[in-house]
1. For the chain, what is the per residue volume of the convex hull drawn over the alpha-carbon atoms, in cubic angstrom?
2. Using only the Cα atoms of segment 202-351, build the gyration tensor, take square roots of its eigenvalues as a ≥ b ≥ c, and label the shape rounded, prolate or oblate: rounded if a/c is under 1.5, else prolate if a/b is larger than b/c, else oblate.
3. With charges set only on the Cβ (+1 for Lys and Arg, -1 for Asp and Glu), what does the dipole of segment 3-343 come to about its Cα centre, in debye to the nearest 20?
4. Please tell me the relative contact order of segment 1-134 in percent, rounded to the nearest whole number, where contacts are Cα pairs under 8 Å and at least six residues apart.
5. Quick check: net charge around residue 91, other residues with Cβ under 15 Å of its Cβ, Lys/Arg +1 and Asp/Glu -1?
6. Want the number for residue 162 to residue 48: 0.36 nm per residue separation, take away the alpha-carbon distance, what's left?
7. At 37 °C and 0.692 mPa s, grab the translational diffusion coefficient of segment 126-238 from Stokes-Einstein with a Kirkwood Rh over Cα pairs, rounded to a whole number in µm² per second.
8. Percent antiparallel among DSSP beta bridges with both residues in the chain, to the nearest 5?
Amino acid sequence: MEYSYLGNSGLKVSRLCLGTMTFTESGENARTCNQAQANAILDKFVEAGGNFIDTADVYSNGQSESIIGNWLKTQDRSRLIMATKLGSHGIKGNVNSPGLSRHNILRSVEDSLERLQTPYIDLLYTHVWDDGTPLEETLETLGWLVQQGKVRYIGCSNMTGWQLQLAAIMGKQPNLGRYVVLQQQYSLLCREVEWEVTPVAEREGIAILPWSPLKGGWLSGKMKRGDENGPAGSRVHAQTQDGVKNQSGPNWADFANKDQTWNILAELKNVADRNKKSVAQVATRWLLEKKNVPSVVIGVKNLEQLEDNLGSVGWKMPSEDLKQLNLVSQLPEPYPYEMVNRLNLNRKREA
């Protein structure tokens, strides 16, 4: 396993972070893991050197946290970096949820601590920007939780460039919480984040932690152009059958009709063959080679998938392969990014 500092913090995390959205006891299906399966995955991840585990209060209505909590109490807690998220989980009948108000943050943290069966959270994320709460109230509450020791570090997730910049500026004030990491969707099929968010993060010393590195299964190596709705048993197929259509749950039609999708998949296969790696390993490694990306969130539902994901670390991708993947996945820049970047071509400062 490889390790890296998390942004400008002194915290070292494994370069693969185990995402646990699949952990639940609500019914049995091919896309989820019960307690026994989750225990096996967690044990294997830690055995391989992983120390970074990610969940959220909204995952299966808190069941992911509960399953981890049952496992966590059998572990050496000090060796593990436990991350969870709050702010997007609404409770029926509670008008003060979801959101990032002081009231909802404090309630959510206490509930997560109880489910995780731990006295502290290593990394607490605000799951999404909240239009209803003043940012100062949110950061003040998060700073207080750090001072109390219930939370060690704070991060954010799913933000625009201006939101991240505002939070970075405000977080420099005394007694306000300072974000050390942004967890954001980022992959070869989702590079819009590079227009504004990644430059802000790099300039402010906020690490980027990509989620959905395989774009919901599209970059797993399983998709074939002639398939109808994706291979049976895949997440893409299930979401297409269920009528799911959003950024975090792409269905077949979202990408199957785009030539660039198949060009990216073809180049991934070429790079994978040259490096004797799987397509999924190459897609994840492409992110790990990015500047200011200390770790990548992986999601698995069985030990075989975990084993394949672990093959993303321990090697370097040749520069020519990186160049080809960058080119084939490049997005046309909309205004004003194209004009700003074109006119600043020779004005970039060296880091």
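1. Numbers: hull volume 51.8 nm³, N = 351.
It comes to 148 Å³ per residue, whole-number rounded.
2. Details: a/c = 1.74, a/b = 1.38, b/c = 1.26.
Prolate.
3. Details: 36 positive and 37 negative charges, 131 e Å.
My answer is approximately 620 debye.
4. On the way: 210 pairs, mean separation 28.3, N = 134.
Reported relative contact order: 21 percent.
5. Working: positive: 92, 107, 115; negative: 57, 65, 110, 111, 114.
That sum, taken over residues with Cβ under 15 Å, equals -2.
6. Numbers: separation 114, 0.36 × 114 = 41.04 nm, distance 3.81 nm.
Residue separation times 0.36 nm, minus the Cα-Cα distance, leaves 37.2 nm.
7. Details: Rh = 15.9 Å.
D, rounded to a whole number, is 207 µm²/s.
8. On the way: 5 of 33 bridges.
Approximately 15 percent, going by the DSSP bridge assignments.
The numbers here are math on the coordinates, done by the rules we state, and not lab data. From a predicted model like this one, the values you see are computed outputs, not experimental measurements. Heads up, the Cβs are rebuilt from the backbone with ideal geometry, glycines too, and the neighbour counts pull from every protein chain shown.
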